[in-house]
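Some notes on the structure that comes next.
The values are calculated or read from the model by the stated rules, or taken from the named source; none is laboratory data. Bear in mind the structure is a predicted one, so any value in this text is a computation, not a measurement. Note: ideal-geometry Cβ built from the backbone for every residue, glycine included; neighbour counts use all protein chains shown.
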Amino acid sequence: MRLIFVVALLLLVWYLPDRSGSAGSASPATRAGEAVVFGNPALAAFEEGRSDVVMTVRGEVTRILEDDNVGSRHQRFVISTGNRHTLLISHNIDLAPRVPLAVGDGVTARGEFEWNDRGGVLHWTHHDPQGRRPGGWIEHAGERYR
């Protein structure tokens with residue numbers, strides 16, 4: 001009987017979501033319309049095919065792409081968020097400073113996730129000049145770019 005209790009307790013702990021509040025997790029106290037996802041919120045939103053989800057993600061830069069200069073200029077790079085999931089970050093450099101990145105750097109980013117079949121894109125990683133939506137940001141090497 002004791003062994004069954006110990007096994008059940010271990011299984012319960014193993015299956016509970018990570019609620020440690022790490023940078024890759026959304027905080028339980030969130031604004032309206034913001035996802036409450038524990039673990040890897042980008043992977044969860046991608047697997048569920050969701051878009052328009054405000055989230056904070058953490059990852060390692062795996063690829064730096066050329067800037068997108070059509071319309072507003074965007075710095076673009078890909079991060080690995082874990083579980084072999086990659087995410088494109090599209091950071092508006094007309095509204096926020098460029099982030100000085102190199103492959104292998106760790107970053108934390110807050111923005112709006114949009115689903116696509118390649119892993120999704122996180123945009124709105126800057127302040128909203130109109131103040132109509134929560135501001136996003138990118139943290140790198142102890143600096144916050146918004």
TODO: All but one of (1) surrounded by fewer than 21 Cβ atoms within 10 Å (Cβ to Cβ); (2) more than 25 Å from Arg132 (Cβ to Cβ); (3) at pLDDT 95 or above hold for Ile79, so report the exception by its number.
DONE: (1)
Open item on the list: Yes or no: the stretch 17-25 includes at least one residue that is within 14 Å of Val121 (Cα to Cα), surrounded by fewer than 17 Cβ atoms within 10 Å (Cβ to Cβ) and at pLDDT below 95.
Closed with: no
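Every residue, every condition in (1) closer than 22 Å to Phe46 by Cβ; (2) not basic (Lys, Arg), yes or no:
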| position | (1), (2) |
| --- | --- |
| Ile79 | yes, yes |
| Ile93 | no, yes |
| Pro97 | no, yes |
| Arg110 | yes, no |
| Gly120 | yes, yes |
| Ile138 | yes, yes |
